[in-house]
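To start, the structure itself, in structure tokens.
Taken together, the values in this text are just the output of simple stated rules run on the coordinates, not laboratory data. Note that the structure is predicted; figures quoted are calculated from it, not measured. Glycine gets a Cβ as well: all are built from the backbone with ideal geometry, and neighbour counts include every protein chain shown.
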Amino acid sequence: MSTTPQGIHSLAFRVMRLCNPSFPVDPPFRVDPADLFFGEDMFDDPLLALSPLLSTHLSKSTDSSDMSFADRYLLHHPSDAMGFSGLLLLPQSFGAIYLGETFCSYISINNSSTFEVKDIIIKAEIQTERERILLLDTSKSPVGSIRAGGHYDFIVEHDVKELGAYTMVCTALYNDGGERKYLPQFFKFVVANPLSVRTKVRTVKETTYLEACIENQTKSNLYVDQVEFEPAPHWSVTILKADGLLHPADSLTAGEIVKPPILVRSGGGIHNYLYQIKLSSSGSEQLKSKRSNILGKLQITWRTNLGEPGRLQTQQILGVPWSCQEMELQVLEIPSLINLDRPFSVHLKLTNLTEREMGPFEVWLSQNSANEEKFVMINGLQIMVVPQVEAFGSTDLYLNLIATKLGVQRISGIVVFDTLEKRTFDPLADVEIFVESD
Amino acid sequence: MDEPTPATDRPTNQFGSLNNLAHELASLEDLAIRGSWRSIIDKVSRTRSLNLLTSPHDHLIYLSYNVLALSKLSRFADASSEIDTLDDFNSHYYKYETYPQLYPNRSGSMIPFSLRFIHAQLPMKLENRQEGLDRFYLLLKFIREKIKEKESDNLHDSVKTWKRRENFVLNCLIGHHLGDKEFNVCLDLIKDLINRDYLDPVLVSKLGCIQMQIGDIEGAKVSFNRVEMMLNEGKNDGYSFLSEVQFRNLVNRNKALVYLVGKDYVSAVREYEECIERDHTDVVAINNKALCLMYLRDLSDSIKVLEKALERIPTIALDETLFVPGFEVRLIAEIVQVLISKDGRDFARL
């Protein structure tokens, strides 16, 4: 078996991308004769309507059995002006192919020689950087023969899930008058990303808000059909819409009016979505202990020719990292007047949010990781010992602090350390104070 | 037929023949019907240079034919320049009452309405879509004001004419928005048209097609069912635009589309064959059937269908506008000739 040099093959592959067809639209220059023969206000004259002229020319325009050029100039029907006849066309060129679409190709293998070709085994395979996928293999049932000048056709399909360069490799193994020949042909195309998705997550108390911005990176307007947020287990999601109505995202019942399509303009047009995400009550316990902050994924569907869908899913979207909710430290009171170099007392409350006794604890002010100089520090013993706190109970602490610089300063890095479990709880968020002179 | 009493002003004299309306209008019209646009340009040029046009309305009608011919020949910049030689359309120069000697007892605008239409559509072809859309919407406003004006003057025929023009401009707008995939606007405009005083099966079918394009298959089926009901209830009176055969074919083609989108190409082909049997000049059915055969892996038959059509309807081979099936014939025939380089060039650009 030889891989014969190019040009000596009897067979050759020819391919054409086959996607859904589309309705071409081209509003034509076609007119009503009355709008050409007469001034536009001529019909104010009632006598004109009686003219035999009009009926002669009107009938000409509606006579569609007359296959002359008249129908390119005159309007048969008022909606001819739309330039949209219901005729379907395949795209003129390969076009762009995007992630999430289905690649479909018509492949024709043609025998251009003057003799019959036999025992043809055809394979078609898609190769990307990461994988090879077999689309077609006729080895189990080889094509018996292709006569001189004849051809054999097939259609292959592949869901595009990877970006970058693709090669479709078509190979034919055949008998060409005694010699077994091998023909490989390569067809290349590139897959691009049609959309980019930017997300922002904000947490307000127990509710997380997810803002998603979808941007169209293609050269034509994109019609986005659905953008659904699939929450991770234990989460529930509600989509928020500008008109104030809350629609539970997964309760579109069959028969409900289809949502109008959302147009996202070409080359950078965007559309925003807002979701409200809450933990279902059963999930909160497990999640808090697992410290999981995966919120879920966005699933986007758009439509191309004749409603053919393309689908993409984002990666897992993460929420704001959990701060430890076992122990809660709150600032209850800071004195209104804080003087430079004079000790002041800050009233804190440590709450045990768990169902078991926690502690005893040690509380101190940690050094900043940036090793910045601190202008607010503990006055006196640097570590305060706090006894155990019962389940769901709380205890009051008074930290004695002193500020060594004027102006707006921060109390930062208050750490609570569980001496029994040898665990540190996240430091309290910075508190700002204003330091005045004496 | 009652002959109107002869008026003394030329344009309304008898309305007997086209040549009463303008100098050698019958000849211009004949050339237009035959698609001889270059001949029209020659004739206009000759007529002008020989100073054979004597009245303002003659000039305007000739200019309109010239501009239309230039547009048909895709000479959009030339067409635009020619229109620019005119004053503002609403100028008194183009009103009958400005020339009482020529048009006694006549008033109003002598601008042929087509000129306003072409003026609005030209920017679209000159890559200035926004300007084109603005002009269309302004034209719509202008038409609506005219309708009100004529209604208050009880000029019934004129009202009918202006309403036809309103309908026409709305259809143009739907087409232009559709071309840019602005489906929401299209759906609103089409539904608005449909909700007016008549039910138009062709329009409802087009609505169905648009719904199909955006993936609203259920909505499309509802629209197509409406059309079928209109056929069964014989709701074609007042709508002389569609013959019985055309109406039936419309219904079959709508059915075929539903099958096609559901990838049931065999049933789609069957529907289209029924259409072609009834009317062998149904180019949409012919073209779409050929397309279905492609999806059924039957390239040979697909080409045969189109070649046969070409023999029977030679005029469709000319691809003056994008959607003429001749283009599709070339497209499919070329597949067989296309050679892709073996070392891997891009997919064929057909």
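When A:Ser280, A:Ser51 are arranged by Cβ crowding within 10 Å, least crowded first, meaning fewest neighbours, the order is A:Ser280, A:Ser51. Residues whose amide H lies under 5 Å from that of A:Gly296, counting only those 5 or more places away or on a different chain, are A:Ala232, A:Ile317; hydrogens are built 1.01 Å from N in the peptide plane.
The ranking of B:Met110, A:Met384, A:Met82, A:Met377 by Cβ neighbour count inside 10 Å, starting from the fewest, reads A:Met377, A:Met384, B:Met110, A:Met82.
Counting, for every residue in B:246-252, the Cβ atoms of other protein chains within 10 Å of its Cβ and taking the mean gives 1. For A:Val143, the residues whose amide H sits under 5 Å from its own are A:Ile120, A:Ile122, ignoring neighbours fewer than 5 places away on the same chain, with H placed 1.01 Å from N. Across segment B:157-164, computed HN-Hα scalar couplings (Karplus, 6.51 cos²θ - 1.76 cosθ + 1.60, θ = phi - 60°) run 5, 5, 4, 4, 4, 5, 5, 4 Hz from first to last residue, x flagging Gly and Pro. Near A:Thr395: Cβ cut-off under 13 Å, other residues only, Lys/Arg at +1 and Asp/Glu at -1. The net charge is -3. Under a 5 Å amide H cut-off, with hydrogens placed 1.01 Å from N, A:Phe103 pairs with A:His158, A:Asp159, A:Val160 among residues at least 5 apart or on other chains. One chain, two ends: B:Ser300 and B:Arg75. Fully extended at 0.36 nm per residue, the span grows by 77.2 nm beyond their Cα-Cα distance. For the peptides B:103-109, A:70-76, the ranking by packing is A:70-76, B:103-109, with the highest mean count of neighbouring Cβ atoms within 10 Å listed first. When both segment A:119-161 and segment A:372-438 are represented by their alpha-carbon centers, they are found 72 Å apart.
Inter-chain neighbour count for B:296-302: the average number of beta-carbon atoms from partner chains within 10 Å of each residue's beta-carbon is 3.
A Förster radius of 35 Å, combined with the Cβ-Cβ distance separating A:Lys422 from A:Leu332, puts the computed FRET efficiency at roughly 0.80.
What the phi angles of segment A:141-152 give under the Karplus curve with 6.51, -1.76 and 1.60, with θ = phi - 60°, is a coupling list of 9, x, 6, x, 6, 10, 6, 4, x, x, 8, 10 Hz, glycine and proline written as x. Going by neighbour counts of Cβ atoms within 10 Å, the residues B:Tyr265, B:Tyr99, B:Tyr137 line up, fewest first, as B:Tyr137, B:Tyr99, B:Tyr265. Peptides B:60-66, A:213-219 ranked from most to least packed, by the mean per-residue count of other Cβ atoms within 10 Å: B:60-66, A:213-219.
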